[in-house]
Structure formats: C-alpha cells, structure tokens
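The next block holds one structure in the form of structure tokens; read it before the comments.
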Amino acid sequence: MMTPLRIAVIIGSTREGRAGDRVTSWFTEQAARHDDLAVTVVDLTEYDFPASYPAEPTASIRAFVREVGRADAFVVVTPEYNHSFPAPLKQAIDYAYDEWQAKPVGFVSYGCRSTGRYAVDQLRTVFTALHAMTVRDVVGIDLLAGEPTPQCTDELRRDARVLLDQLRWWGLALRDARAARPYVS
C-alpha cells in the first residue's frame, strides 16, 4: 500500500475577516475526496512570526519550517491584494529554503474580478527561485461572484480536481525522485 501524498494547504492571508478560511475549507473538502492524499492546513495566523527577520530562528519559525519539511506538496491559498500576494505569506515562504526544493506547489487564489491571477504569477516566480515546481492549472475564485460552497459551479469543482490531479502526479514523481537521489541546488 502506498503512503498517501502529504499536502500542506497554506492559508496565505492573516487579515481579520479574511475569505481564506472559507476558501480553504471548501478546497480541503474537495481534496478529502481522494483517499491517497493526506491534507494538513497550515494557517499563518497560528504562527507568532517576528516583525523583522531574526538572527536565529524563533520557535514559530522552526515549527513552520518543520511543517514545510514534512509535506510532499503544497497548495497556497492566496488572496490578491493590490495586484500581489500578502506580505505575511512572503515572510513565511522566506523562512524555509531547502524544505521547498523539488516539491510541487499549486495555487487556489481569490480576488475581485482578477481571481488572484497576479498574485499567482508573482508566487510562481518566488517558488521557482526556491527550486519548487509550480503546477500549471490554478483554482481562481472571483469573490464578486460569491465564495465557493458545496453547491458551487461544476467548473470550480473541475478546476480543483485538475489541480489535485496535477499535484498528485508531480508530488509522487518528485517524492520518488528525492528518495532515489537527494536534490542538490
């Protein structure tokens, strides 16, 4: 029996009243339909990150890096604020380095009209610099059309299924590759 693919779903917004909780809940419900996936939610609001980058990692930084290190693949749930992604998400991403390498990253983004595409474009650049592999398809949600619900459109559910299929393929392939030959950058 194969070990389930460990996917960390990272909530990238820390704002009060954020839609990220509800979007993440909907997405993890979609992922739960797949027995071969083990999903963990990593909520940045649960980490007490320092305001400036410290000389030595804090307990919160070490805990976050451990979560990243344990995962085989990632889904970043990100809003788009001012045509970009949130600063706390960038700060968290920068706390890990080797832990991202040779692992796939998918995106569930949301915004008003743009569906978060500008945030995803910028995140692809960041993760490429960290030697992570971003999957092609994205789940993009226009909040002006409403937040996803269990009764959401077939198109949105299909987008989630396609993202999870791509993440599963890359996640398993890269997990096997890392086991056979450690990644060196």
Practice problem: Go through region 109-185 and name the trypsin sites (Lys or Arg not before Pro) that are in a DSSP coil and have 12 or fewer other Cβ atoms within 10 Å of their Cβ. | Solution: ARG113, ARG136
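By accessible area of protein heavy atoms, probe 1.4 Å, what ranking do GLU56, GLU155, GLU67, GLU147 get, highest first?
On the way: GLU56 135, GLU155 110, GLU67 45, GLU147 70 Å².
Largest accessible area first, the list is GLU56, GLU155, GLU147, GLU67.
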Quiz item: Restricting to region 22-172, what percent of DSSP beta bridges are antiparallel, rounded to 5?
Solution: 10
Exercise. Please build a GNM for the chain, connecting alpha carbons under 10 Å apart, and tell me which residue among ALA119, ALA92, ALA129 fluctuates the most.
Key: ALA129
Quiz item: With springs only between Cα atoms under 10 Å, which of ASP154, ASP137, ASP43 fluctuates most in a Gaussian network model of the chain?
Solution: ASP154
Exercise. Restricting things to alpha carbons, find the Rg to Rh ratio for the chain using the Kirkwood radius for Rh.
Key: 0.95
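Ignoring ligands, DNA and RNA, what percent of the 1.4 Å accessible area of the chain is carbon and sulfur? List each step's numbers first, then the result.
Values: 4880 of 9480 Å².
Its accessible area is 51 percent carbon and sulfur atoms.
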Quiz item: Ranked from the most accessible area to the least, with a 1.4 Å probe and all protein chains present, what is the order of GLU99, GLU80?
Solution: GLU99, GLU80
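Using a simple charge model, +1 on the beta-carbon of Lys and Arg, -1 on the beta-carbon of Asp and Glu, nothing else, what dipole does the chain show about its Cα centre, in debye to the nearest 20? Working shown, then result.
Values: 21 positive and 24 negative charges, 77 e Å.
In debye, rounded to 20, the chain gives about 380.
Please calculate how many Å² of accessible area region 5-180 carries per residue, with a 1.4 Å probe and no DNA, RNA or ligand atoms counted. Mind dumping the intermediate values first?
Values: 8410 Å² over 176 residues.
It amounts to 48 Å² per residue over region 5-180.
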Practice problem: Among MET133, PHE85, PHE107, pick out the residue whose Cα is farthest towards the positive end of the charge dipole of the chain, where Lys and Arg carry +1 and Asp and Glu carry -1 on C-beta, about the Cα centre. | Solution: MET133
Practice problem: Once you've got the GNM for the chain with C-alpha springs shorter than 10 Å, pick whichever of GLY116, GLY69, GLY17 has the biggest mean-square fluctuation. | Solution: GLY17
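The values are calculated or read from the model by the stated rules, or taken from the named source; none is laboratory data. What you see is a predicted model, and the numbers here were worked out from it, not measured in a lab. Virtual Cβ from ideal backbone geometry, glycine too; neighbours counted across all protein chains shown. Please note that ligands, DNA and RNA were not included when accessible areas were found on the heavy atoms of the full protein model with its side chains. Shrake-Rupley method; radii C 1.70, N 1.55, O 1.52, S 1.80 Å.
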